[in-house]
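> Handing you a structure now.
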Amino acid sequence: MRKQIAAGLACYILATTAQADVVIGNPMAVTGPIPDLVAPMVAGVDLAEKHINEQGGMFASGEKFVVARADSQCDPVAAVDAVTKLINVSMVTAIVGPVCSGATIAQAESVSIPAGVVTLSVSASSPAISNMENGTDLVFRSAASDAYQGVALAELAMSKGIKDIAVSYANDDYNAGIAEVFAKSFAAMGGKITSNEAHEPNKASYRAEVATMGSATDNLAVFAYYGSGGITLMRNALEIGAFSTFIGADGMLAQEVIDQIGAENLGSTTFTTSTSDQSSAGFTAWKALADAADIPAAGPFVPNSYDATFMMALAIEKAGSADRSAISGALRSIANAPGETILPGEFAKAKAIIAAGGDIHYVGASGPQDFDENGDVAGYFSANVVKDGAWEGTIID
Amino acid sequence: MWETFGFEFVNFYLIPGLVLGCIYALGAIGITLTFSILRFANFAHGEVMMIGAYFTWTAMVLSNDLFGVPLHPLVAAAPAVLLAIGLFILVDRYFYKPFRYASTIRVVMASFGMMLIIRSFVQAVWGPNQLTFVPGIAKPNELVKNFTASVDMMILVPNKHFWIIAGTLVIMFALSWLLTKTKIGKGMRAVSDSPELAKVSGIDVEIIVKATWFVGGFCAVAAGVFLAMDLQMLETTMGFRMLLPMFAAAILGGIGRPFGAVIGGLVIGLAEELSVYPWFGNGSLISPGYKTGVAFTIMVVMLVIRPSGLFKGRLF
């Protein structure tokens with residue numbers, strides 16, 4: 001008897017979610033090595049969800065748009081677990097999320113691609129993601145590939161007059177990917193890579209590593225997550241005086257780095273990140289919305305998180321149902337030209353055009369989101385230095 | 001000799017290896033004691049280290065905010081040690097004791113669960129973000145630097161490393177006295193050798209168990225605070241990350257041999273750091289990305305050729 005009640009209740013719950021809500025999965029790295037970076041990104045996703053539901057929800061019947069969150073921990077194993085649950089238990093229509101490249105690749109290869117579910121990552125930037133698919137069209141991202149950022153960083157180093165540099169990268173998909181691009185382009189521009197070594201994340205000491213590399217140069221390109229060794233590595237390098245100038249990318253760009261190492265020690269440190277063209281119409285529209293919700297509009301990957309969630313809702317609306325197989329094509333249709341321009345927050349307008357059978361072209365907070373054949377977008381990058389105890393970014397042309 | 005083993009070797013490889021070895025050693029003492037006296041691999045041991053460091057951080061912040069007195073981490077560690085040990089005696093009473101005479105795998109699983117519970121608890125209370133333990137960077141001690149430089153042997157050691165090495169030595173001597181000279185220490189060694197025999201000769205096993213948690217917990221919290229002093233920050237997986245090398249140290253030294261654990265910890269800490277020294281040519285001997293592998297290679301080789309460890313520990 002009890003079993004039957006439980007089974008009945010389960011059927012009822014499943015039936016009600018299936019009828020009333022459109023559910024997407026959102027495995028973010030809520031815990032793990034970069035929680036500070038992820039918290040505002042999560043707020044960006046939630047803001048998009050709020051806007052969509054305020055402006056009429058999904059489809060003609062006004063179904064609720066629901067974001068089912070899980071914790072991918074910036075870890076391949078945790079991401080596979082989280083996404084497996086989202087796809088098989090929560091029965092989500094699509095995945096918007098995995099933050100880190102390693103997590104995104106692992107969950108796509110072993111869960112979402114075999115299940116035929118679209119993944120739209122908010123910040124995974126490893127070049128390895130571009131060519132990971134074989135015949136399917138299921139992996140997209142709203143952040144630019146590090147194939148571009150690595151080049152931008154090499155140009156930045158050159159413009160700072162750096163002639164030789166040591167490269168130390170954490171042994172994971174994101175950091176190894178951008179380190180490879182950086183080293184290749186820096187060498188092609190005539191710079192000298194004195195050493196290019198992987199380091200194991202999460203070690204208590206990196207003194208031996210920095211001592212070995214520091215004998216040849218004063219400049220270090222550090223590719224790591226700040227929470228899993230990046231800060232310790234920089235601290236060790238400064239303590240023993242092995243390096244004085246540091247450059248790096250997104251994974252290190254957090255207030256934590258300044259709080260722990262001290263602004264006075266970071267005078268010649270520059271980190272790049274994916275950013276938005278702040279004069280564009282898309283960013284202006286987004287900034288008004290983000291300011292109203294008290295979210296850092298220009299925070300790393302915060303606009304990209306909003307864009308990804310918003311685009312996923314538009315794609316489902318365009319597809320006309322929560323059917324997983326229709327999402328990939330619909331996503332390309334709403335994100336790529338031609339069509340009437342839709343800016344962040346204009347869900348009701350887009351809904352009306354779609355209902356009338358028209359085409360839309362979403363121009364996002366982080367810039368145009370036209371996907372190329374690999375599901376990648378172009379993007380802008382900024383160079384960030386410490387000013388008055390905080391990171392301050394300027395866009396790289 | 002100094003031409004080949006220059007001071008770079010001492011400053012950047014040997015001393016950091018020793019510091020890391022001290023932290024492994026203190027952690028491994030607790031593991032080897034629980035392994036031999038309570039007869040299970042306590043996976044929650046890393047969390048004792050972690051929560052001890054968090055308690056210490058809290059004591060430092062409270063003292064600074066309420067009374068305006070900045071405490072040295074080692075002073076703030078005193079109340080933290082008591083809290084952490086009290087917590088683990090409670091954990092033992094309610095989560096491990098029910099399994100004391102059941103098969104080992106159950107209590108191992110219980111400790112695994114406890115590890116996740118404590119980590120989640122800390123994340124809920126203190127948040128998943130890193131906390132700054134001591135801000136800034138630690139410059140080498142000027143006095144030692146100038147003195148050694150004047151005799152052409154410049155030694156660069158920050159103060160925090162003096163504290164860590166000296167603290168470990170003090171704890172080691174205290175432990176040696178406790179285990180060899182006191183009744184409770186002799187009792188612990190007796191239970192470790194044979195719990196049944198110890199029981200029939202009138203030793204109260206439950207008291208010994210409490211003493212084990214006390215000694216193991218004390219060393220673990222000391223290891224956690226030393227680790228936080230070295231890293232200058234706290235995060236919730238800091239203990240867990242040290243757990244496997246500490247197991248390797250305990251096994252290397254021989255299970256049930258606290259001094260074996262100390263030697264094992266030092267060997268593993270030194271091996272990890274020295275394996276990346278450029279012994280031949282200019283590049284590091286092995287890529288630093290793989291230095292953790294060194295610790296486990298030593299452990300596996302040891303298990304194969306001499307399963308009882310360096311100091312003839314217990315075989316399971």
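Where a number appears in this text, it was derived from the coordinates with a stated rule and is not lab data. Here the structure is a predicted model, which means the values were calculated and not measured. Note that each Cβ is placed from the backbone with ideal geometry, even for glycine, and that neighbours are counted across all protein chains shown.
> So what are the three principal axis dimensions of the stretch B:18-305 from its Cα atoms, in whole Å, longest to shortest?
Rounded to whole Å, the extents work out to 63, 55, 37 Å.
> Quick one: Cα convex hull volume of the stretch B:164-215, Å³ per residue?
Details: hull volume 3.6 nm³, N = 52.
It comes to 68 Å³ per residue, whole-number rounded.
> On to the next question. Can you find, among A:Gly102, A:Val45, A:Ala79, the residue sitting farthest towards the positive end of the charge dipole of the stretch A:45-125, where Lys and Arg contribute +1 and Asp and Glu -1 at Cβ?
A:Val45
> Another question about this same structure. Looking at chain B as a GNM with Cα springs under 10 Å, which of B:Phe240, B:Phe43, B:Phe121 has the largest mean-square fluctuation?
Sorting by GNM fluctuation, first place goes to B:Phe121.
> If one computes the Cα centroid of the stretch A:233-251 and of the stretch A:174-202, what distance in Å separates the two points?
So the two Cα centres are separated by 15 Å.
> What residues have an amide H closer than 5 Å to that of A:Phe140, excluding those fewer than 5 places away on the same chain, when H is modeled at 1.01 Å from N in the peptide plane?
A:Thr119, A:Leu120, A:Ser121
> Still on this model: Please report Rg over Rh for the protein assembly as shown, where both radii come from the alpha carbon positions and Rh follows the Kirkwood definition. Working shown, then result.
Values: Rg = 27.8 Å, Rh = 27.5 Å.
Answer for the protein assembly as shown: 1.01.
> Could you tell me which residue out of B:Gly187, B:Trp279, B:Asn129 lies farthest along the dipole of chain B toward its positive end? Charges go on the beta carbon: Lys and Arg +1, Asp and Glu -1, centred on the Cα centre.
B:Gly187
> Let me ask you something else. Only four residue types carry charge here, +1 at the Cβ of Lys and Arg and -1 at the Cβ of Asp and Glu. Report the dipole size of the stretch B:131-209 about the Cα centre in Debye, rounded to the nearest 20. Write out the running numbers ahead of the final one.
Working: 8 positive and 6 negative charges, 26 e Å.
For the stretch B:131-209, the charge dipole is close to 120 debye.
> Same structure, new question: Determine, from the Cβ-Cβ distance of A:Ala187 and B:Phe7 and an R0 of 35 Å, the FRET efficiency 1/(1 + (r/R0)^6), rounded to the nearest 0.05. Spell out each step's value before the answer.
Values: r = 32 Å, r/R0 = 0.93.
My answer for the efficiency is 0.60.
> Same structure again: Find how many whole Å separate the alpha carbon centroid of the stretch B:3-66 from the alpha carbon centroid of the stretch A:320-397.
Centre-to-centre (Cα) distance: 48 Å.
> Right, next: So, in Å, what gap is there between the alpha-carbon centers of the stretch B:176-223 and the stretch A:75-122?
49
> Something else: Putting +1 on Lys and Arg Cβ atoms and -1 on Asp and Glu Cβ atoms, find which of B:Leu244, A:Thr245, B:Ser176 reaches farthest to the positive end of the dipole of the protein assembly as shown.
B:Ser176
> To the nearest 20 Debye, how big is the dipole of the protein assembly as shown about its Cα centre, given +1 on the beta carbon of each Lys and Arg and -1 on that of each Asp and Glu?
Working: 42 positive and 58 negative charges, 704 e Å.
It works out to roughly 3380 debye.
> What three numbers, in Å, describe the spread of the alpha carbons of chain A along their principal axes, ordered from the longest?
Reported extents, whole Å, longest axis first: 69, 53, 41.
> Also, quick follow-up: Could you list A:Tyr226, A:Tyr174 in order of exposure, starting from the residue whose Cβ has the fewest other Cβ atoms within 10 Å?
Numbers: A:Tyr226 27, A:Tyr174 31.
With the sparsest Cβ surroundings first, the list reads A:Tyr226, A:Tyr174.
> Here is a further query. Over the stretch A:237-306, with a single point scatterer placed on each C-alpha, what log10 of the ratio I(q)/I(0) does the Debye formula yield at q = 0.12, 0.13, 0.14 1/Å?
-0.45, -0.51, -0.57
> Determine the alpha carbon to alpha carbon distance for each of B:Lys210/B:Lys291; A:Lys287/A:Lys349; B:Lys181/B:Lys291; A:Lys85/A:Lys287; A:Lys163/A:Lys387 and list only those over 30 Å. Working shown, then result.
Details: B:Lys210/B:Lys291 36 Å; A:Lys287/A:Lys349 19 Å; B:Lys181/B:Lys291 39 Å; A:Lys85/A:Lys287 34 Å; A:Lys163/A:Lys387 25 Å.
Table pairs above 30 Å Cα-Cα are B:Lys210/B:Lys291; B:Lys181/B:Lys291; A:Lys85/A:Lys287.
> I would also like to ask the following. Across the stretch B:100-238, how large is the tail of the calculated P(r) beyond 23 Å, expressed as a percent of all Cα pairs?
Working: 5551 of 9591 pairs.
Roughly 58 percent, once rounded to a whole number.
> To continue, here is another question. At a 10 Å Cβ-Cβ cut-off, how would you order B:Thr168, B:Thr180, B:Thr132, fewest neighbours first? List each step's numbers first, then the result.
Working: B:Thr168 24, B:Thr180 10, B:Thr132 17.
Ascending Cβ contact count within 10 Å gives the list B:Thr180, B:Thr132, B:Thr168.
> If we count every other residue with Cβ under 15 angstrom of A:Ser72's Cβ, Lys/Arg +1 and Asp/Glu -1, where does the sum land?
Details: positive: A:Arg69, A:Lys85, A:Arg141; negative: A:Asp71, A:Asp75, A:Asp81, A:Glu109, A:Asp172, A:Asp173.
Result for the local shell: -3.
> To continue, here is another question. Mind giving me the FRET efficiency for B:Thr180 and B:Arg100? R0 is 30 Å, r the Cβ-Cβ distance, nearest 0.05 is fine.
Working: r = 27 Å, r/R0 = 0.89.
That gives a FRET efficiency of 0.65.
> Quick one: putting +1 on the C-beta of Lys and Arg, -1 on the C-beta of Asp and Glu, what dipole do you get for the stretch B:18-305 around its Cα centre, in Debye to the nearest 20?
660
> Using helices alone, I'd like the mean residue ellipticity at 222 nm for chain A: each DSSP H run of four-plus residues gives -39500 (n - 2.57), total over residue count, nearest 500. Walk me through the intermediate numbers first.
Details: 13 runs with 162 residues, N = 397.
Computed mean residue ellipticity for chain A: -13000 deg cm²/dmol.
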